[in-house]
1. Once Lys and Arg get +1 and Asp and Glu get -1 on their Cβ, which of 138, 170, 183 lies farthest toward the positive end of the dipole of the chain?
2. For the pair residue 27 and residue 129, what calculated FRET efficiency results from E = 1/(1 + (r/R0)^6), where r is the Cβ-Cβ distance and R0 = 45 Å, to the nearest 0.05?
3. List the relative contact order of the chain as a percent without decimals, with contacts defined as Cα pairs under 8 Å and 6+ residues apart.
4. Over what distance in Å are the Cα centres of segment 277-291 and segment 101-160 separated?
5. Mean Kyte-Doolittle of at least -1.0 and a Cα length of 24 Å or more along the axis: which whole DSSP H helices of the chain meet both?
6. How far, in nm, would the chain grow between residue 44 and residue 317 when pulled straight, counting 0.36 nm per residue and subtracting the alpha carbon separation?
7. Take the chain, connect every pair of alpha-carbon atoms lying under 10 Å apart with a spring to form a Gaussian network, then pick out the residue of 299, 201, 249 with the largest mean-square fluctuation.
8. Return the single residue from 204, 52, 143 with maximal mean-square fluctuation; model: Gaussian network over the chain, springs between Cα atoms under 10 Å.
Amino acid sequence: MSTVADRPQPRGIARLRGLELQEYALALVVVALFVTGAILKPDTFPTWDNIRNMLTQASVIGVLAVGMTFVIATAGIDLSVGSMVAAAGVFGGIMVDPEGGSLLFIVSAIAFATLMGTVNATAVAYGRVVPFIATLAMFSIGRGVALLLNDKLPVGLLDLNGGSFGDPAAFSLLWFGTGRVLGLPVSVYVFLGVTVAGWVLLNRTRYGRYVVAVGGNREAARIAGVPVRRVIFSVYALSGLLAGIATVLLCARLGSASPVSGNLYELDAIGAVVIGGTSLAGGRATIVGTFLGVLTFALIFSLMTQLNLSTEVQQVTKGAIVLGAVLLQRPESRW
């Protein structure tokens, strides 16, 4: 029996066209920001080193934003991804010997973040806790766990598997953060791989149609046979899994795991998703838009840094951009 999620939906096609137009517009914004940066700081902004640095720093937020796209597509929210990054990094760090293998750190960090995401998933899908409250609680739990695990101290990871800054051994932990393949950082390939996988999952699978259907009209999706609770459970678990991957990229770049890392990463991820065109009201999602949203944020903050604007100004700008993007979505919301 066909379901609502499987049948052609003219309104969906119209929404898709709207999304495509928004993606094209955002792509133009990315180009305009790059040109603006090149004009204002011609000696430093358009250089390959700066581009590579922007992409490297965007990789962590980009991976988080892909997971956030699936959560928001179901009309949910995940405020705990930054705390997951901090807690999972410290947990992975204390699980390995200072000169041990990087694989154990990677597995431990990803598994711990996935476990935290699964707790969110259980609370929201089966405990029927409002996503904002469930993930806000996990935000606090994650920060507390990160501080408790190693007595508020960071964990050094420089020597895992023979890694070192400047010339990390292949497949050492630092290689994932500072190593390069064909001139591009390894972390950028990870970000691109996650983005492509997210796009395929959302746009080319029945699961992706279920995610959008649940966010569009949960009751209609339930009547049509969509396993609503399992879909909601899966998106929060997926967000935790991707937070674990982001943890590995961040710790690999820094060479350590800090209990205060990941601060406000949830705002960056949500901002990139909303700017990209995914609706906070659910039922509409775009991975391409999220990718462009991540690039937009990276360009804006690289430019502000090169213009020597203070961190406070950057924070105000970040909040204003997110607020503006939400206000632009308001006419389509169900309030």
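1. 138
2. Values: r = 38 Å, r/R0 = 0.84.
In this case the efficiency is close to 0.75.
3. Details: 593 pairs, mean separation 106.5, N = 335.
Relative contact order for the chain comes out at 32 percent.
4. Centre-to-centre (Cα) distance: 25 Å.
5. 10-40, 48-73, 102-125, 131-149, 186-203, 228-254, 287-306, 311-329
6. Gain on stretching residue 44 to residue 317: 96.1 nm.
7. 201
8. Looking only at 204, 52, 143, the largest GNM fluctuation is found for 204.
FYI, it's all coordinate maths here, none of it is from the lab. What you see is a predicted model, and the numbers here were worked out from it, not measured in a lab. Don't worry about glycine lacking a Cβ; one is built from the backbone with ideal geometry, like all the others, and counts go over all protein chains shown.
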